[in-house]
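Input: a single structure, listed below in structure tokens.
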Amino acid sequence: MPEIELSLAISYYEHVSDLLRGRVRTEGIRLATVDLPVEEIFFRMLSFVEWDVAEFSMAKYVSLVGSGVAPFRAIPVFPSRMFRQSAFYVASGAGISCAGDLAGRRVGIPEWAQTAGIYARAYLQHQCGVPLRNIHWVQAGVNQPGRIEKVPLSLPEGVMIEHIHDRSLNEMLLSGDLDAVISAREPSAFTARNPGISRLWPDHHALEEAYYRETGIFPIMHVIVIKAATLDHHPWIAMNLFEAFEEAKDNSLRYLSSSLKSRIPIPWSHERADEARAMFGDDFWPYGIEPNRHTLGAFLLYCHEQGVTKRPVQIEELFPAQLGRFFKT
């Protein structure tokens, strides 16, 4: 069978580098890759479906599946996973020192259907006991005005969002027009060490560890999607791509665990891998449906609770059937 050429849009990650550099071969496929910022990939894929294969927002994918209009299908490859207790930023003079202080406040979000925000709001609701209807939500671009919500919402009763198009969340937080912001991307003033903005939880790492020990949830941010028309024409590419991403990731974890040389420019990086293994197990960045069923199920529940989907979406709706079973010798 001659190879087919597929376009792939993805941000650079250490755990996909062997695939992008050709050190891992995708059987029957020749990949033409582009490396772009994730927000640009998401926008162009959602608006124009520009590539055969792409990294995509987990929340927006779930929203599209729930509405029955998804122009692509996902494979259970999750290039980005992050805990999001670090995503809470507060105005230093707002008198906010704990999650309960957010009740009755004006809290900015870049989009309601941002994956990071869904996990963060679920933490507020389920772990901190703060009802989402008790917060005045304000939607705008984090550092630039003009950002808009990109998928339709079915907000829960009592939840209201004010949309502001001519100012950024960063500007409003500094001016006192917002009390807090929940965002995956840092406000630029925080990055610049402006004393007017701080994290709600400076020691967020300890909170995130405690959250994982309590819930067993390792938040999934992004997923790999395949254009539906491409997958319909070549259904075998789903498994072949999955296996290639898995091999590249396994290689990366092996490299990072080695003390022979510094794979990434972070002191003691190989020891960080040992710490992750002690907490999460040998495969501390799992792909596939079954190893992630608990996290996926929780996220789908959060999406429905928060009105990102009108109806409950089931895990089996997210992925092609052939990714649910694997050949065994």
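The values are calculated or read from the model by the stated rules, or taken from the named source; none is laboratory data. Since this is a predicted model, take the numbers as computed values, not measurements. Note: ideal-geometry Cβ built from the backbone for every residue, glycine included; neighbour counts use all protein chains shown.
Touching a Leu at 6+ places or on another chain (Cβ under 7 Å), assigned by TED's automatic domain parsing to the domain that holds LEU155, touching a residue at least 24 places away in the same chain (Cβ under 8 Å) and of a type in the set (Gly, Ala, Ser): is that true of ALA113 in this structure? Spell out the reasoning first.
Details: touching a Leu at 6+ places or on another chain (Cβ under 7 Å): yes; assigned by TED's automatic domain parsing to the domain that holds LEU155: yes; touching a residue at least 24 places away in the same chain (Cβ under 8 Å): yes; of a type in the set (Gly, Ala, Ser): yes.
Against the criterion (touching a Leu at 6+ places or on another chain (Cβ under 7 Å), assigned by TED's automatic domain parsing to the domain that holds LEU155, touching a residue at least 24 places away in the same chain (Cβ under 8 Å) and of a type in the set (Gly, Ala, Ser)), ALA113 qualifies.
Do you know which residues across region 80-131 are more than 23 Å from ILE164 (Cβ to Cβ) and in a strand (DSSP E or B)?
ARG81
Based on what the data block shows, is PRO71 exposed (fewer than 15 other Cβ atoms within 10 Å of the Cβ), touching a residue at least 12 places away in the same chain (Cβ under 8 Å) and in the same structural domain as LEU20 (by TED's automatic domain parsing)? Quick ask: steps written out before the conclusion?
Values: exposed (fewer than 15 other Cβ atoms within 10 Å of the Cβ): yes; touching a residue at least 12 places away in the same chain (Cβ under 8 Å): yes; in the same structural domain as LEU20 (by TED's automatic domain parsing): yes.
Taking the combined requirement at face value, the residue satisfies it.
So the check is Cβ under 9 Å with 6+ separation or different chains; which pairs have a first residue in region 303-323 that's more than 16 Å from ARG293 (Cβ to Cβ) and a second one that's β-branched (Val, Ile, Thr) and part of a helix (DSSP H, G or I)?
GLN306/ILE118; VAL308/VAL62; VAL308/ILE118; THR309/VAL62; THR309/VAL65
Can ARG167 be described as outside the structural domain of THR309 (by TED's automatic domain parsing), touching a strand residue (DSSP E or B) at 6+ places or on another chain (Cβ under 9 Å) and of a type in the set (Lys, Arg)?
Working: outside the structural domain of THR309 (by TED's automatic domain parsing): yes; touching a strand residue (DSSP E or B) at 6+ places or on another chain (Cβ under 9 Å): no; of a type in the set (Lys, Arg): yes.
Considered against the rule, which asks whether it is outside the structural domain of THR309 (by TED's automatic domain parsing), touching a strand residue (DSSP E or B) at 6+ places or on another chain (Cβ under 9 Å) and of a type in the set (Lys, Arg), ARG167 comes out as no.
Could you please find all residues in region 133-144 being surrounded by 15 or more Cβ atoms within 10 Å (Cβ to Cβ) and either under 29 Å from ARG44 (Cβ atoms) or in the same structural domain as ARG311 (by TED's automatic domain parsing) (or both)?
Within region 133-144, TRP137, VAL138, GLN139, ALA140, GLY141, VAL142, ASN143 meet the criteria.
Restricting the search to region 253-273, which residues are outside any helix (DSSP H, G or I) and farther than 17 Å from SER17 by Cβ? Break it down into steps so the answer makes sense when it comes.
We begin by selecting, within region 253-273, every residue outside any helix (DSSP H, G or I); these are 257-268.
SER259, LEU260, PRO267, TRP268, listed by residue number.
Is there a residue being buried (at least 24 other Cβ atoms within 10 Å of the Cβ), of a type in the set (D, E, K, R) and touching a strand residue (DSSP E or B) at 6+ places or on another chain (Cβ under 6 Å) anywhere in region 54-64?
Yes: one or more hits.
For region 95-126: of the residues being crowded, with 23+ Cβ neighbours inside 10 Å and polar (S, T, N, Q), which is nearest to SER80 (Cα to Cα)?
THR115
Does PHE284 count as modelled with pLDDT of 85 or more, under 21 Å from the mean Cα position of the chain (by Cα) and assigned to a loop (DSSP other than H, G, I, E, B)? Talk me through it step by step, then tell me what you get.
Numbers: modelled with pLDDT of 85 or more: yes; under 21 Å from the mean Cα position of the chain (by Cα): yes; assigned to a loop (DSSP other than H, G, I, E, B): yes.
Judged against the criteria, PHE284 is a match.
Let me spell it out: the conditions are (1) at pLDDT 95 or above; (2) part of a loop (DSSP other than H, G, I, E, B), and TYR212 meets all of them except one. Which number is the exception?
Answer for TYR212: the failing condition is (2).
So which of ALA103, ALA120 is touching a residue at least 12 places away in the same chain (Cβ under 8 Å), in contact with a strand residue (DSSP E or B) (Cβ under 8 Å, 6 or more places away or on another chain) and at negative phi? Talk me through it step by step, then tell me what you get.
Working: ALA103 fails: in contact with a strand residue (DSSP E or B) (Cβ under 8 Å, 6 or more places away or on another chain).
Just one listed residue meets the conditions, ALA120.
Quick one: is ALA74 of a type outside the set (Lys, Arg), under 23 Å from ASP232 (Cβ atoms) and touching a Ser or Thr at 6+ places or on another chain (Cβ under 8 Å)?
Numbers: of a type outside the set (Lys, Arg): yes; under 23 Å from ASP232 (Cβ atoms): yes; touching a Ser or Thr at 6+ places or on another chain (Cβ under 8 Å): no.
Spelling it out, it is not the case that ALA74 is of a type outside the set (Lys, Arg), under 23 Å from ASP232 (Cβ atoms) and touching a Ser or Thr at 6+ places or on another chain (Cβ under 8 Å).
Which of (1) part of a loop (DSSP other than H, G, I, E, B); (2) more than 20 Å from THR309 (Cβ to Cβ); (3) within 14 Å of the chain's Cα centre (by Cα) does GLU39 not meet, given it meets every other one?
All conditions pass for GLU39, except number (1).
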